[in-house]
Amino acid sequence: MNNLDGNIRERAIPGVHQAVFNKITKCFPEPKDICILDLGAGEGAMSKRLASAGYYVEATEISEGRFQVNPVPCHCLDLNKDFAQLFNQKFNAIVAIEIIEHLENPRHFLKNCRQLLDESGILFLTSPNVESWNSRLIFLKHGRFQFFGDVDYQNNGHITPLFSWQIEQILNETDFKLLHRAGLNERFVWHLAYSYSGYPPMTFLIKLVLWCSLGLHFRKNTQGATNLFIAGAR
């Protein structure tokens, strides 16, 4: 997590908030009259960034009192439940940064998101990339994906790992059209991969060579610890 203005934290891998913000400003270069809903906003790091840029922002957060950005309105909501009907307006954009992996039913969540977008609206969605090189190496050793170990499950609420093809399929099923997918934090971090693997150095190197050889045939979506999906209302 990154600290932003002291106590406001970006609840994501470094660089994710900036990357999403850059995409939003590219899609909506003129912030006037653009309404954005920030789902699962945490302390409000993205909401503050968007509001400071001139966008109208509303937010949701499950933990009452966590959101710290005034005067952005924040609704205390459980995104596992129906939430679309609780709003009296449609939004030009919805931001869901590192949220869907915490939820019990991704389809239910995206159906509600679709109901809240206007006909030209855009969804900005991120989720851990379980197909990344680091994640594949961890799975090879432990049978668990990166960010979905016991600690992540118990302490961080990461309960739903999703492959990129699954998210793309669910988007299609919930009346979205995929506009863009990208892996964020592209660099393969060798020392982290070694640390996570749990292997002795020589075993790790042998496994890595074998895995990279296989990787020549399985290169799709291996880059980036986080997936960014940009989808339009269909």
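The values are calculated or read from the model by the stated rules, or taken from the named source; none is laboratory data. Owing to the predicted nature of the structure, the values given are computational and were not obtained by experimental measurement. Using ideal geometry, Cβ is built from the backbone for each residue, glycine included, and neighbour counts are taken over all protein chains shown. Keep in mind that these areas ignore ligands, DNA and RNA; they rest on the heavy atoms of the full protein, side chains included. Shrake-Rupley method; radii C 1.70, N 1.55, O 1.52, S 1.80 Å.
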Phe229, sole failed condition from (1) open to solvent by 40 Å² or more (accessible area, probe 1.4 Å); (2) at pLDDT 75 or above:
(1)
Which condition number does His158 fail, the rest of (1) surrounded by 16 or more Cβ atoms within 10 Å (Cβ to Cβ); (2) under 15 Å from the mean Cα position of the chain (by Cα); (3) not in a loop (DSSP other than H, G, I, E, B) being met?
(3)
Reported set for region 123-154 where residues are more than 14 Å from Phe204 (Cα to Cα), open to solvent by 10 Å² or more (accessible area, probe 1.4 Å) and part of a helix (DSSP H, G or I) is Asp150, Val151, Asp152, Tyr153, Gln154
So, Ala59, is that one under 13 Å from Val95 (Cα atoms) and either in contact with a strand residue (DSSP E or B) (Cβ under 6 Å, 6 or more places away or on another chain) or at pLDDT 95 or above (or both) or not?
yes
How many residues does region 17-75 contain that are of a type in the set (A, V, I, L, M), within 18 Å of the chain's Cα centre (by Cα) and part of a helix (DSSP H, G or I)?
6
Residues of region 29-66 that turn out to be surrounded by fewer than 23 Cβ atoms within 10 Å (Cβ to Cβ), of a type in the set (A, V, I, L, M, F, W, C) and free of Cβ contacts under 8 Å to residues at least 40 places away in the same chain, as a count:
3
State the number of residues belonging to region 68-79 that are open to solvent by 20 Å² or more (accessible area, probe 1.4 Å) and within 12 Å of Leu39 (Cβ to Cβ).
4
Failed condition for Phe147, given (1) at positive phi; (2) more than 14 Å from the chain's Cα centre (by Cα); (3) not hydroxyl-bearing (Ser, Thr, Tyr)
(2)
How do the pairs read when you match residues in region 140-160 that are under 19 Å from Leu103 (Cβ atoms) and at pLDDT 90 or above with residues anywhere that are crowded, with 18+ Cβ neighbours inside 10 Å and hydrophobic (A, V, I, L, M, F, W, C), using Cβ under 6 Å and keeping only pairs 6 or more apart or on different chains?
Phe145/Val130; His158/Phe147; His158/Phe148
Quick one: in region 100-121, which of the residues that are open to solvent by less than 10 Å² (accessible area, probe 1.4 Å) and in a strand (DSSP E or B) is nearest to Leu79 (Cα to Cα)?
Leu117
Given the conditions (1) open to solvent by 40 Å² or more (accessible area, probe 1.4 Å); (2) assigned to a strand (DSSP E or B); (3) closer than 17 Å to Leu117 by Cα, which single one is not true for Asp82?
(2)
